[in-house]
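Input: a single structure, listed below in structure tokens.
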Amino acid sequence: MKTTTILRVEGLAVLAVSVYVYFIVLEFHWLAFVLLLLAPDLSMIGYMKNNKIGSIIYNFFHTYTIPMLLIILSVAIHHTVLLLISLIWVAHIGMDRLFGYGLKYPTKFQDTHLERI
């Protein structure tokens with residue numbers, strides 16, 4: 001199996017688990033999910049400066065590390081809004097991976113760790 005296929009399946013799994021926890025386990029509202037799902041893509045604005053800055057900002061908002069740490073923190077301090085936002089953020093990243101959008105190299109927006117888009 002190709003590496004990109006494995007990463008896309010992983011993205012699907014992350015998206016599915018995030019959606020399941022968000023809607024079924026925690027019963028959060030769908031409107032917030034719809035409104036915030038594409039919010040991490042605002043990080044593409046960094047590309048208006050140049051490819052290097054754009055890739056740094058985009059990758060910051062498209063790695064699992066920050067939202068996963070926020071999920072841990074939100075559970076530890078019982079902060080519902082932070083948990084809601086973090087789950088949507090993780091779902092967004094999983095969705096991006098599913099569709100083949102990976103972390104960006106500083107060369108061009110189309111150059112990702114998954115494949116060229």
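Would you be able to tell me the number of residues in the range 99-117 that are of a type in the set (V, I, T) and surrounded by 13 or more Cβ atoms within 10 Å (Cβ to Cβ)?
2
Can you tell me which residue within the range 59-98, out of those that are free of Cβ contacts under 8 Å to residues at least 24 places away in the same chain and assigned to a loop (DSSP other than H, G, I, E, B), is surrounded by the fewest Cβ atoms within 10 Å (Cβ to Cβ)?
H78
Select from the range 21-53 the residues that are loosely packed, with under 13 Cβ neighbours inside 10 Å, in a helix (DSSP H, G or I) and within 17 Å of the chain's Cα centre (by Cα) and list them in ascending order.
Across the range 21-53, the qualifying residues are V34, L35, L42, I45.
Tell me whether the range 30-41 contains one or more residues that are touching a strand residue (DSSP E or B) at 6+ places or on another chain (Cβ under 9 Å) and not β-branched (V, I, T). Before you say what the answer is, go through the steps one by one.
Filtering the range 30-41 for residues touching a strand residue (DSSP E or B) at 6+ places or on another chain (Cβ under 9 Å) gives none.
For the range 30-41, residues touching a strand residue (DSSP E or B) at 6+ places or on another chain (Cβ under 9 Å) and not β-branched (V, I, T): absent.
Looking at this structure, is D41 of a type in the set (D, E), at pLDDT below 95 and farther than 18 Å from V19 by Cα? Walk me through how you get there before you give the answer.
Numbers: of a type in the set (D, E): yes; at pLDDT below 95: no; farther than 18 Å from V19 by Cα: yes.
Considered against the rule, which asks whether it is of a type in the set (D, E), at pLDDT below 95 and farther than 18 Å from V19 by Cα, D41 comes out as no.
Of everything in the range 99-117 that's in contact with a Lys or Arg (Cβ under 8 Å, 6 or more places away or on another chain) and part of a strand (DSSP E or B), which residue is nearest to F33 (Cα to Cα)?
T112
The values are calculated or read from the model by the stated rules, or taken from the named source; none is laboratory data. Quick caveat: nothing in here was measured; it's all calculated off a predicted structure. Because the Cβ atoms are built from the backbone with ideal geometry, glycine has one as well, and the counts that use them run over all protein chains shown.
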